[in-house]
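*Asks:* I'd like to ask you about the structure that follows.
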Amino acid sequence: MSFATAINCLDGRVQLPVNGFLQDRFGAAYIDAVTEAGPVGILAREPDSEVARSIYRRVEISLNVHHSTGRAIVAHSDCAGNPIADKAQRAELAAVVNLLKGRYPGTAVIGLWVGEDWSAAEIVNS
Ligand SMILES: [Zn+2]
């Protein structure tokens with residue numbers, strides 16, 4: 001069994017595109033889902049908050065127990081949980097990829113953007 005980890009928005013519109021993208025990108029059969037409303041905003045602006053620590057705990061279960069081969073942080077257009085401009089969200093995405101690279105050194109971390117066409121694109125790469 002092979003796993004990858006998505007730190008994804010809870011938005012139902014992004015689940016299938018993100019899972020399909022990550023299965024291909026990391027050759028993973030299964031995608032462990034760590035979901036919050038607008039996780040990129042939480043991790044960019046409140047990286048030491050209780051909800052951020054909850055995200056890290058869940059990522060670490062995926063990493064340490066499932067031996068997840070890669071991690072993605074996801075942001076998307078029209079996000080109810082992070083209602084800021086797309087350009088600002090993409091800047092947060094780059095900052096959060098760096099944050100996660102620091103927390104999980106030596107592992108693959110990518111940033112995915114899901115735009116208005118609801119397809120996932122890798123826009124930040126570690
Ligand atoms: Zn969202």
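*Asks:* Using Cα-only point scatterers and the Debye equation, what is log10 of I(q)/I(0) for region 58-126 at each q in 0.22, 0.27 Å⁻¹, rounded to two decimals?
*Replies:* Debye curve over Cα of region 58-126, log10 I(q)/I(0) at q = 0.22, 0.27 Å⁻¹: -0.93, -1.16.
*Asks:* To continue, here is another question. Taking 30 Å as R0, compute the FRET efficiency from the Cβ-Cβ separation of ARG53 and LEU10 and round it to 0.05.
*Replies:* With a Förster radius of 30 Å, E is 0.95.
*Asks:* Provide the descending list of Cα extents for the chain along its principal axes, expressed in whole angstroms.
*Replies:* Rounded to whole Å, the extents work out to 37, 32, 23 Å.
*Asks:* Next up: Which whole-angstrom value gives the distance between the alpha carbon centres of region 68-126 and region 1-58?
*Replies:* When both Cα centres are located, 9 Å separates them.
*Asks:* Still on this model: Note down the relative contact order for region 3-125 as a percent, whole number, built from C-alpha pairs under 8 angstrom at least six residues apart.
*Replies:* Numbers: 224 pairs, mean separation 36.6, N = 123.
Computed over region 3-125, the figure is 30 percent.
*Asks:* For the modelled label position 7 Å from the Cα of TYR30 along Cα-to-Cβ, which residues of region 63-100 have backbone nitrogen atoms closer than 16 Å?
*Replies:* 63-70
*Asks:* Let me ask something else. Only bridges whose two residues both fall in region 3-125 count here: according to DSSP, what percent of them are antiparallel, nearest 5?
*Replies:* The antiparallel proportion sits near 25 percent.
Only the coordinates and a few stated rules stand behind these numbers; no lab work does. Here the structure is a predicted model, which is why all the values come from computation and not from measurement. For neighbour counting, all protein chains shown are included, and Cβ atoms are generated from backbone atoms with ideal geometry for every residue, glycine included.
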